[in-house]
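The values are calculated or read from the model by the stated rules, or taken from the named source; none is laboratory data. Worth saying up front: this structure is predicted, and the values here are computed from it rather than measured. Using ideal geometry, Cβ is built from the backbone for each residue, glycine included, and neighbour counts are taken over all protein chains shown.
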Amino acid sequence: MTRRLVRRRSCRFDSRPDADDRASPPHFPIQVNGLVRILLSVLSLAAVASVAPAQQPSDTTRLAPVLITASRTSTVLNAATTATTVLQGDALRARGIATVGDALRQVPGATLAQTSGPGSQTSLFLRGGETDYVQVMIDGVTVNEPGGALNFANLSLDAVERIEIVRGPTSVLYGANAVTGVIQIFTRAGAGRTEAEVRARAGQRGLLDVEASAGGDGRRVGYWVGGGHHAFDGIYDLNNDTRNTTATGRLRLKPSSPVIVDVTGRYADARFDYPTEYYGAPLDSNSYSTERRLSGGVNVVYAIRPAIDLRLVAGTSRLQNITNDPVDDRIAGFDDGSPMPFESRSLRRNADAQLDLRIIPDATLTLGGEYDWQRLETGGEDTRTDPLLDRWSRGAFAQLLGNLGSRLAYTMGGRLEDNERYGTLNSVRIGAGMAVAPLTTLRASAGTAFKEPQFVEITGAGFALPNPTLRPERSRSWEVGVEQRFATDAVALAVTYFDQAFTQMIIYAPIPATGGFSAQYINAQSANSRGWELEARASLPGKVTARANYTLLDADVRATASGAATPLLRRASRTGSLVLSVPVTSRLLLTSDASHVGPRPDIRFLPADPFSQDVELPPYTLIGIGGTYSIPPLVKRTELELLARVDNLADERYEAVAGFATPRRTASIGMRIRLRP
């Protein structure tokens, strides 16, 4: 069993399964091996990789000038001692990628489980960890719900400049929830003269992506504002529309040379109509869920002296979820609808101060403190649900980051956190990278992390006995890797081995009947997750670029300390991705991407006794192919591009979650206009 395996009180899966809740659809056999499909994708573009032309941005780079998330300070990416990937927003959008979740499919060690089509519950498993083991931030503001849960379905790429993904324990720098990694999304800032951009794409089944933004940067003030709207009519003919509207803004103030102030904000309003019963049958004509998310923050950087920087961050994140499943008169017989909607409202406020001291030769000492306050309020038909919970935590951290000579980079840090409910928590991390040859780098790191319980685990959410004595979950991890570059960095290969142990994991367990409850969340489970991440990248003649990764994962769990090990649900034993970019002429760029998900255990829910069964879902491979064509400008300082993309090119029939259908082949076309007055 995996943790938190429950059925909602309304007995509806509602197309919003937490990554650890289960449901199921018809079995679709896979006819072609996933690796063969990836190879076919490569050959389809390599055949046209003839000559030349204009350089196009790569959506992932290991050569970015600076990286922030891995160390909370500006660091050259090649000097990072942790496994890190950077995705560039412009290149992702040019390929037709619309959401952060879809972008993460190309990250080593990442498995995405999306219930059905766009807008449905989307959960991330990073390196085999739980879905709430990854901390997600937008411009430095944490957007996870209390306890770490996050639905990636409605996190669009509108106005996203880049995404930094750090794999491995990072609780030292970011506190609870950063157990298997951190994802930080940076929104666009004005750069240079004023410019405006409009991007639109339309396709089958009502697919529509529209984004407009504008910004500029002056001597004292810079800004960027934008908005986007995304729609899809769904994969079912009944009650399956998706709508998502996002607005983003950034204001950068430079009142004096040593001070920079960034004010950021982002708002998203999404609705998803779902027709599926808890086992995946599309029967319901009126159930829906909405999500409204607001995040914003102020980030101040003050260069007190050439060797001393002060950083201050204050932010807030607010999320409102409503799930409504009225009784459906269309259904002959029993309908498990509810006369009242269920609503949850979470609020997080955080503030931190960080001092970077470059007073040691070739090193930066970072000292910081952080305060985080969380609140959850719920409402529905069940009066046993605790309507309001809150908690605070405050932490202090220190990190030493530096170099010994020209060959060795190191980092070491520790964190002490005081949590209102759980007392004192601590974590540590050390890492090192060594250039053993001009083009060969060895890297190793180890650390611990912790995750506080979700509020619903403490209260039982109305269907389990409350357990206020729950303890945070803990982890111990280590990894070692090597990167070999060739031809002066034009080609690179990297291999990383990681090993993680998770303890005090929270499970939903049966108990003797108490107060009308027969189950409770308890700290009882432990798990291990280990594996290999293989990465390759190449810049070929004619400015052709290729990037691939493949992950082998062995993840198992023990429901009790003495119990037998069983595979963790929905963790694929192997995953891989490929991204290929081929400039055919100076105006035409072709791109292709493929993501492969190997076999993985799941639970298929059934409408009648025995109501569930263990299954192994077969592997699948999704191939996308697209292109951009630059039209000669008719107006000075104007750029015009035509866009085209086909998702699921092979029309793969697959299940990402047992019991639920998924999108078939979808074609779209569009255009992008950029104005630079």
message = Looking for something aromatic (F, W, Y), within 22 Å of P453 (Cα to Cα), over 10 Å from the mean Cα position of the chain (by Cα) and at pLDDT 95 or above - is there at least one such residue anywhere in the range 121-132?
response = no
request  = Those residues that are within 23 Å of the chain's Cα centre (by Cα) and within 22 Å of F342 (Cα to Cα), I need them from the range 275-303; list them, please.
outcome  = S289, T290, E291, R292, R293, L294
query = Just checking, how many residues over the range 390-446 are under 22 Å from A178 (Cβ atoms) and not charged (D, E, K, R)?
reply = 31
inquiry  = If I go through the range 398-430 residue by residue, how many of them are of a type in the set (G, A, S) and closer than 30 Å to Q454 by Cα?
reply    = 5
query = For the range 547-569, what are the residues that are in a strand (DSSP E or B) and farther than 24 Å from Y497 by Cβ?
reply = none
key: Of all residues making up the range 426-440, the number that are farther than 17 Å from T84 by Cα and in contact (Cβ under 8 Å) with a residue 60 or more places away in the chain   = 2
message = Condition check: small (G, A, S) and more than 24 Å from the chain's Cα centre (by Cα). Does A519 satisfy that?
response = yes
query = Here is a list of conditions, (1) modelled with pLDDT of 95 or more; (2) over 15 Å from I673 (Cα atoms); (3) in contact with a Leu (Cβ under 8 Å, 6 or more places away or on another chain), and R220 meets all of them except one; can you say which number that is?
reply = (1)
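Conditions (1) under 25 Å from G576 (Cβ atoms); (2) assigned to a strand (DSSP E or B), marked per residue:
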position	(1), (2)
P108	yes, no
A113	yes, yes
T131	yes, no
D158	no, no
I185	yes, yes
inquiry  = Return the pair list, or none, for Cβ contacts closer than 6 Å from residues in the range 389-407 that are closer than 30 Å to E377 by Cβ to residues that are aromatic (F, W, Y) and not in a strand (DSSP E or B), at least 6 apart or on different chains.
reply    = L389/F455
message = For a quick check of your reading: which strands (runs of 3 or more DSSP E) sit entirely within the range 302-415 and have at least 2 residues that are among the charged types (D, E, K, R), touching a Ser or Thr at 6+ places or on another chain (Cβ under 6 Å) and at pLDDT 95 or above?
response = 342-360
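To keep it simple, each residue is scored yes or no on (1) within 29 Å of E370 (Cα to Cα); (2) of a type in the set (A, V, I, L, M).
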residue	(1), (2)
T75	yes, no
T81	yes, no
L104	yes, yes
T115	no, no
E130	yes, no
N154	yes, no
key: Unique match (being part of a strand (DSSP E or B) and out of contact with any His (no Cβ under 6 Å at 6 or more places or on another chain)) among Y278, Y267   = Y267
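For every residue, the table says whether it meets (1) acidic (D, E); (2) part of a strand (DSSP E or B); (3) touching an Asp or Glu at 6+ places or on another chain (Cβ under 7 Å); (4) surrounded by 15 or more Cβ atoms within 10 Å (Cβ to Cβ).
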residue	(1), (2), (3), (4)
L589	no, yes, no, yes
I603	no, yes, yes, yes
D614	yes, yes, no, no
G627	no, yes, no, yes
L640	no, yes, no, yes
A644	no, yes, no, yes
A656	no, no, no, yes
F660	no, no, no, yes
query = Inside the range 176-199, can you point out the residues that are closer than 30 Å to A214 by Cβ, surrounded by 18 or more Cβ atoms within 10 Å (Cβ to Cβ) and in contact with a Leu (Cβ under 7 Å, 6 or more places away or on another chain)?
reply = E195
